[in-house]
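A short worksheet on the structure shown next.
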Amino acid sequence: MRKSWMILGVGIATLGAADRFQFERVTAQTQSAPTSQSLTVLDLHRIEEAYHLTDVLGDGLWPGFDLRKRPIAINNRNVEEVLIGHPNPPPEFHLCEGQSVGGKPVFRRDGYTLYAPRWGGGSVEIAGTECAYVGVKWDAPTEDYLLVLLHEGFHGFQQEYRERSEGPTEEPPQDDAEYSALLALESRILYQILMTENDEAAAGLARMFIAVRRTRWRLLGEAVISDEAEWEYREGTATYIQVRAVQLLSAKGGFKPLYPDEDRDYRAFATAPERYREQLEDIRIALGSPISFDYGMYVLGMAQGLVLDRFRPSWKREIAERDCTQFDLMERAFKVAEGQRDSLVSEAKARFQYDILLADQTGQMEKQKAAIRGYLETKGRRYRIFHDELPGGHKWKPVAPVYRLRDKIIWVGGVRRFEKGPMVFESQNVPIIFDWHAIEWVDTNPDPSGKDLRISCTGMRGDVYEGLVVETDGFRLELPSALVEVTKELVTIRPVPFAPQTAHD
């Protein structure tokens, strides 16, 4: 299963496959008074403003959704974590006397994050309770911060509103140009539906969208289709909440903030109409970049919600009652006969320039393949860090662009953070190759003296490094224990405990 996270003030990123993640390494905990890095009163006011926002928008946002019902966790600069409204916080958290948000207690702990990345946000389980988790990004506008809180808080509400559909999962064909071009075609049709005022014409476009999607699904196995539909519901509706909030505020002309004098850069969504138009423009996938459903599940799921608002206002209730997805309801609202499908697809391809989309995606796929091949053939000292036998799923924050070729992924700009079990790997501005067994980096100009490879540890257990830290010109790696083999051509790092011969070479 994919695990997804929002990036404050930037957009959307999708991270590795994991339902729950928690560091196994235990960091030192202190019960000291709040430090200079602690969240300010203004930060807590912003969370209270998010509560206020759901009050103002009410059931127009989503019937029954109340952000107050979901505890909020905050990672502040990786030096402390804060919990708001948690019914039974873990013992390392202590109560912040005299502080509350919306009447809810505030708890904090010092130290490195235990529960989620330092950037962006997610939905994580802490002490048996699902929490909206947000990393503090100090230069993020307040409006962006509030919308991320809505998105992540809604994930917890989803679990009560509609049970998650579980089943076999399978990755979509990331390097298939036809698949990606049809996905782009879907995005353009949905955008046009929302731009079309005439209901009959918009309904015709909706049937066209259904026909194109059914055609794209012919390329996929059942496991891919069911997984795609479930994640389109989960991420699409959470993204819909963000866009719906801005849409409603556009009609209201903004709203009265709780603390206008303490957050002078906060405009209380006075520019909501412009922001909403930009959100609609984002639906239409542009030329010039590889397309995958990791993007589509957010934006296309959201766009279908906006269409259903117009043509099937009961859709939110039906999703829970019928245990279905947005696309299921699109098909119920806009009937497409089997004999109509091919003609609708042909019309869509001609109207929305499918040949250009396909040529663009074909070029993007070739670019990806060339980048991967070029990197695999690069000469220099190769660092290989195996991760496939570490426990749990993984999370990552790659730096765009990201290229894929079957089981190989190249993060052209590096990866700000990769986490799996107790392993933490960070790089920036250097190409990193990832597959399901190992992370690799090639040093094309290694220092003959070896000074560009720095290995430190807290102790040795035979050949095993305990508390290992590896630093190079390209990355930093932390592992509680590992074997390290160094030659002129190759540095191999294998987490323990497991025998070296079990690693995949």
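The values are calculated or read from the model by the stated rules, or taken from the named source; none is laboratory data. This structure is a prediction, so every number in the text was calculated from the model and none was measured. Here the Cβ is made from the backbone with ideal geometry for all residues, glycine too, and neighbour counts use every protein chain on show. All accessible areas refer to the heavy atoms of the entire protein, side chains included, with ligands and DNA or RNA removed. Shrake-Rupley method; radii C 1.70, N 1.55, O 1.52, S 1.80 Å.
Just a few scattered comments:
- Cα convex hull of the stretch 322-436 - mean projected area over all directions, nm²: 11.6 nm²
- The chain - share of DSSP beta bridges that are antiparallel (%, nearest 5): 90 percent
- Carbon-plus-sulfur accessible fraction, the stretch 437-500 (probe radius 1.4 Å, protein heavy atoms only): 51%.
- Here the Kirkwood formula, the inverse mean of 1/r across different C-alpha pairs, assigns the stretch 234-306 a hydrodynamic radius of 13.6 Å.
- Whole-number Å³ per residue for the convex hull built on Cα positions in the chain: 158 Å³
- Only helices enter the 222 nm calculation for the chain: every DSSP H run of n ≥ 4 contributes -39,500 (n - 2.57), and dividing by all residues gives -12000 deg cm²/dmol, rounded to 500.
- Here the stretch 330-469 is treated with +1 on each Lys and Arg Cβ and -1 on each Asp and Glu Cβ, and its dipole about the Cα centre works out to around 200 debye.
- Here the accessible area of the stretch 123-247 is 43 percent carbon and sulfur, with a 1.4 angstrom probe and all protein chains present.
- Per-selection metrics, the stretch 388-437 (Cα): Rg and Dmax in Å: 10.6, 28
- The apolar share of the surface of the stretch 351-406, taken as the fraction of accessible area on carbon and sulfur atoms (1.4 Å probe, ligands and nucleic acids excluded), comes to 52 percent.
- Of all lysines in the structure, those lying under 28 Å Cα to Cα from Lys104, and not within fewer than 8 positions of it along the same chain, are Lys69, Lys137, Lys256.
- Cα-based radius of gyration of the stretch 167-316 once divided by 2.2 N^0.38 Å, which approximates compact folds: 1.17
- When both the stretch 175-218 and the stretch 333-386 are represented by their alpha-carbon centers, they are found 16 Å apart.
- Top positive-direction residue, dipole computed over the chain with Cβ charges, set His94, Gly301, Ser250: Ser250
- Counting only residues at least eight positions apart within a chain, or on another chain, the lysines with an alpha carbon under 21 Å from that of Lys335 are Lys316, Lys349.
- Taking other residues whose beta carbon is less than 12 angstrom from the beta carbon of Ser38, and scoring Lys, Arg as +1 and Asp, Glu as -1, yields -1.
- Accessible surface, the chain, averaged per residue in Å² (probe 1.4 Å): 42 Å²
- Equivalent ellipsoid semi-axes - Cα gyration tensor, the stretch 350-505, angstrom: 33, 17, 13
- For the chain, a simple Cβ point-charge model (Lys and Arg +1, Asp and Glu -1, everything else neutral) yields a dipole of about 360 debye relative to the Cα centre.
- Of the trypsin sites (Lys or Arg not before Pro) in the stretch 378-443, those whose Cβ has at most 15 other Cβ within 10 Å and which sit in DSSP loop: Lys379, Arg406
- Placing +1 on the Cβ of every Lys and Arg and -1 on the Cβ of every Asp and Glu, with no other charges, gives the stretch 164-255 a dipole of roughly 480 debye about its Cα centre.
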